[in-house]
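Peer 1: Before anything else, here's the structure in question.
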Amino acid sequence: MRITLASMVAVLGFVVTPLAAQDPHRRWGADSAMFEQLGLTSDQRVKINAIRAQLDQQNAPLREQMQQVLGGKSFRDLTPEERDSFRSKLEPIRKQMKENRHKAHEQISAFLTPDQREKLKHQMEERRSRRGDHEREGTAN
C-alpha cells in the first residue's frame, strides 16, 4: 500500500515552479494522459477532477507565498547560495503542500480498483525511469 501511495504522490506530485504558479492547470497534462490509460469510469473522473480542483484551491495561497519568498524568481534559476538562503523559509510551505497532496492521493486511492492502482504503479515506475535517464543526460552535457 505504501508503494502505491508513493506512486500516486509522484503521479500527482506538483513540483511548484513559477510556471505552474502562473498556470496551475498546465501541470495536469501529463497526469491526465496517465489517468486516461487507467480506464477510469466517468464517476472516477468526476471524483478525481473534484479532488484536483480542491487541491489547487488549497495550494494556491501556498504557491503565492512561495512566489513572494522568491521575489518572483524561479527556484531553478537561483544560484546554489540563493537556494540555500531560501530553503528555511520555503520548507514549511512545501511541507504543507506535500501534506495536502498526500490527503488528496489517499482520497483518490480509495476509489481506484486494485488493477488501476497496479497500472498506475507501473506507469509511475516507467515515468521515474525516464525522468532519471533525462536528468542524467542533462547533467552529462
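Peer 1: Compute the Kirkwood hydrodynamic radius of segment 73-127, taking the inverse of the mean of 1/r over all pairs of distinct Cα atoms, and give it in Å to one decimal.
Peer 2: Working: mean 1/r = 0.0716 Å⁻¹.
Evaluated on segment 73-127, it is 14.0 Å.
Peer 1: Another one. Short version: ³J(HN,Hα) in whole Hz for each residue of segment 49-57, in order, from phi by Karplus 6.51 cos²θ - 1.76 cosθ + 1.60 (θ = phi - 60°), x for Gly and Pro, what are they?
Peer 2: 4, 5, 5, 4, 4, 5, 5, 4, 5
We did not get these values from a lab; they are worked out from the coordinates using the rules stated. All of these numbers come straight from a predicted model, not from anything done at the bench.
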